[in-house]
Structure formats: C-alpha cells, structure tokens
Amino acid sequence: MDDWLDFVRHGVQRYAWQVTAYEIGNEPNLTLFWRGKPEQMAEMMSRAAAIIHEEDPNALVVAPAPYRPLH
C-alpha cells in the first residue's frame, strides 16, 4: 500500500497543474487489471483520494469504470 500511495502522491505533485480529474484504476471487474477484493479497491481509492485532495484540493476523483461489452 505504501508504494501505491507514494506513486499517487508523486503523480499528483508532478501533474496537478495539467490534470483536473483522476480515475483511480481501470476496469476492476477484469482480472487483467484487478485481482483483489472489492474492499481492497475501496481502501485504495479512499486513501488515494485523500492524497489527491491534499495535494490538489480542486481535483475531481472518480471511481474506476467497470468493463461492459457494447453489444
């Protein structure tokens, strides 16, 4: 978790001047992108959102969108 939070903090510090919204994760319902439990994803999102708002109070943080076939 510490590595993840360091990654988030450094990313926001570097790009806050050009990024207005952060989507934490990608298609968490596909094992290609996420193999953890929903509770783990929720904790990662919550902690990352806190860091994002600490570094960039005006940033928008959104949940990862699940994959959904287009048929």
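Any read-out appearing in this document is the output of simple, stated calculations on the displayed coordinates, not a laboratory observation. In this text, all values refer to a predicted model and were calculated from it rather than measured experimentally. Cβ placement follows ideal geometry from the backbone for every residue including glycine, while neighbour counts extend to all protein chains displayed.
Roughly how tilted is helix 38-55, in degrees to the nearest 10 and between 0 and 90, from the longest Cα axis of the chain? Tilt of helix 38-55: around 20 degrees.
Considering only Cα atoms, the convex hull volume of region 1-68 works out to 88 Å³ per residue. With the simple model of a label 7 Å out from the Cα in the direction of the Cβ, Y15 to V62 spans 1.4 nm.
Sequence-distant contacts, meaning Cα pairs under 8 Å at least 6 residues apart, place the relative contact order of region 18-70 at 60 percent. Once the chain from H53 to E27 is taken as fully extended at 0.36 nm per residue, the excess over their C-alpha distance is 7.1 nm.
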